[in-house]
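Working notes for the structure below.
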Amino acid sequence: MDFPQIPNTHALVMLLMTAVALFLFTREKIRLESSSLAILVMVTVGFELFPFKGARGAIEPLSFFYGFGHEALVAVCALMIAGEALVRTGALEPVARRLARLWKWSPKLALLLTLVIGAVLSAFMNNTPIVVLMLPMLIGAAIRSNTSTSGVLLPMGLATLIGGMGSTIGTSTNLLVVSVAADMGMVRFGMFDFMLPVAIAGGFAILYLWLIAPRMIPERTPPMADVSNRVFQAHLLIDEDNPLLGESLADVIHKAGGDLKVTRIVRDEQLFISPLPDVEIKANDRIQVAATADMLMEYEALLDAKLLAGPDSSEVIPDGDLQLAEVVVTGGSRLHGLKVADARLKARYGLDLLAVHGGGDVVSASAPRLNQRQLLASDVLLVQGKSEDIRTLKVGGELLVLDSTADLPHTSKAPLALLLMVSIVSLAAFGIMPIAMSALLGCLALIGTGCIKWQEASRALSAQVILIIVASLALGSALMKTGGADYLAQVFLYLTTGLEPAWILSLLMLLMAIMTNVVSNNAAAVIGTPIAISIAQELGLPLEPFVLAVLFGANLSFITPMAYKTNLLVMNAGGYKFNDFVKVGTPLTLLMWVVLSLVLAISYQL
């Protein structure tokens with residue numbers, strides 16, 4: 001076989017554009033939304049200025065915007081909202097509570113059930129809310145059962161990725177591959193058509209994550225491993241009506257139980273008084289104390305004082321349904337790198353900041369330098385706010401709630417939300433209507449019945465996901481119409497000349513697995529699907545196994561923490577290192593690759 005002939009200029013430019021896009025998608029300093037929008041604009045403007053007409057007809061530049069209305073994107077957005085409704089109503093809360101109880105008497109069995117349940121749930125909904133729900137539960141349960149969190153959190157996160165491979169709605173990647181392949185003329189996959197190979201490979205993978213992976217992970221100290229012992233500094237305001245006025249500091253300490261650690265007393269803004277036992281307490285004194293989150297709440301009640309918020313320590317946290325919580329800044333958060341003043345926690349999340357704990361440094365809200373302190377991933381913030389606001393954080397992804405004692409959301413709408421989610425899946429699974437329609441219908445029902453509000457639904461949507469899907473669809477379409485995809489397929493076949501079809505399919509899957517751990521899995525999937533179809537057509541073989549090779553390979557996001565959003569959440573929550581993912585994820589990827597390759601080759605007689 002001779003080396004493929006160089007394609008037309010437009011195809012070459014699109015191949016170069018694809019390489020540029022994949023490079024930009026790996027740059028952490030460039031927001032994924034910005035790089036996706038830039039690629040979309042360059043593709044559309046490029047074809048407007050330099051029109052193209054090929055064997056498949058002329059390319060209409062405005063057609064690249066059709067991705068915003070593509071059925072795969074509609075389904076992804078609708079399922080994001082449906083998943084948000086499940087979390088907000090507490091439909092998954094009974095599962096989390098029962099698992100938490102099981103950890104008390106059999107951590108080994110509880111880990112197995114956690115892996116299986118996480119994988120099964122992820123086949124029907126986005127795994128991000130599942131991971132966010134599981135993390136604090138697992139951390140608290142591991143600490144109470146004296147079990148290392150290192151061998152628990154990472155396997156759980158990877159298990160949800162495996163489960164997401166099992167159905168067309170398990171991940172946005174699956175929806176994109178299935179839809180793009182259908183657009184190119186392939187018979188559309190049913191919802192569970194590839195569940196069997198995933199179940200076979202997933203069975204081996206779950207056993208690996210249960211029995212082997214925990215032994216491979218070094219002992220790590222997560223930022224929240226000592227949630228019960230972490231000490232923060234905060235200020236307690238003694239107002240003019242407090243019965244402690246005129247009492248000595250020794251009396252105040254005695255009333256607080258004798259363990260109150262006072263570092264100083266701030267009086268009249270500029271006067272700092274040493275905590276001597278005979279110091280008399282006066283109105284508007286601010287007692288600076290060092291205590292755990294639980295103890296701060298107890299001291300506030302025992303002393304009839306008020307916790308103060310704000311860097312100037314002048315804002316009194318209002319009464320009401322308040323809750324203290326420890327939250328961590330995640331690696332993918334927009335708060336990472338921002339100064340405390342620019343984070344605007346009160347305006348964005350309704351939270352009052354009491355203290356920051358990070359890098360061995362504890363800064364109280366009264367410290368003048370707090371406003372200028374830069375928030376970094378894994379910084380732990382002590383905040384106080386309404387229970388509803390703290391629950392909202394659990395699904396936001398920017399601040400991870402670490403307080404495993406915080407109430408899990410649960411409302412009377414939970415059974416209804418669960419019923420509607422089952423209906424969404426059933427309508428699509430039985431072929432009554434496409435998943436995009438059933439998911440949109442379900443969203444309308446969820447909003448109409450009050451399971452989720454419009455404001456909450458809009459927050460469930462991710463501009464990052466939307467833009468990268470649209471940009472990837474534009475790239476994939478341009479590659480296909482200009483002949484770039486055919487050229488890449490011919491190059492791939494040239495490099496694999498002499499190999500059996502089963503090996504070609506397996507190597508295609510491996511290529512997608514490598515790509516998805518470096519760039520966006522959605523981009524890898526959309527770009528890889530037309531190439532897979534071209535390869536199958538060149539070989540005169542069925543399209544389905546080669547499309548599935550792309551789908552499976554693009555989901556093997558196990559090796560790097562940046563390969564998938566939940567990997568970053570798990571990395572921050574568990575205090576893992578980059579090499580931990582490589583050490584555990586590489587054997588898992590190879591295991592899944594080998595088993596899936598064998599199952600596909602046998603199933604399609606390649």
Kindly indicate which of ARG101, ARG56, ARG88, ARG97 is over 20 Å from GLY163 (Cβ atoms), at pLDDT below 80 and surrounded by 19 or more Cβ atoms within 10 Å (Cβ to Cβ). ARG88
Report yes if THR292 is modelled with pLDDT under 70 and in contact with a Leu (Cβ under 9 Å, 6 or more places away or on another chain), otherwise no. no
Candidate set from region 134-147 (those that are of a type in the set (Gly, Ala, Ser) and crowded, with 20+ Cβ neighbours inside 10 Å); member that is modelled with the lowest pLDDT: GLY140
Taking ALA181, is it modelled with pLDDT of 90 or more, touching a Gly at 6+ places or on another chain (Cβ under 9 Å) and either hydrophobic (A, V, I, L, M, F, W, C) or in the same structural domain as VAL116 (by TED's automatic domain parsing) (or both)? no
Selected residue (only one of LEU488, LEU441, LEU475, LEU495 is touching a helix residue (DSSP H, G or I) at 6+ places or on another chain (Cβ under 8 Å) and free of Cβ contacts under 8 Å to residues at least 24 places away in the same chain): LEU441
Filter result (of a type in the set (S, T, N, Q) and either surrounded by 24 or more Cβ atoms within 10 Å (Cβ to Cβ) or part of a loop (DSSP other than H, G, I, E, B) (or both)) within region 104-133: SER106, THR114, SER122, ASN126, ASN127
For TYR604, are the conditions met, namely being among the aromatic types (Phe, Trp, Tyr) and within 24 Å of TYR494 (Cα to Cα)? yes
Within the set of pairs 6+ apart or on separate chains, which have a first residue in region 51-69 that is on the phi < 0 side of the Ramachandran plot, a second that is exposed (fewer than 14 other Cβ atoms within 10 Å of the Cβ), and C-beta atoms under 6 Å apart? PRO61/GLU48
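The values are calculated or read from the model by the stated rules, or taken from the named source; none is laboratory data. Only a predicted model underlies this, so the values are computations on that prediction, with no experimental measurement involved. Here Cβ is always computed from backbone atoms with ideal geometry, including for glycine, and neighbour counts include all displayed protein chains.
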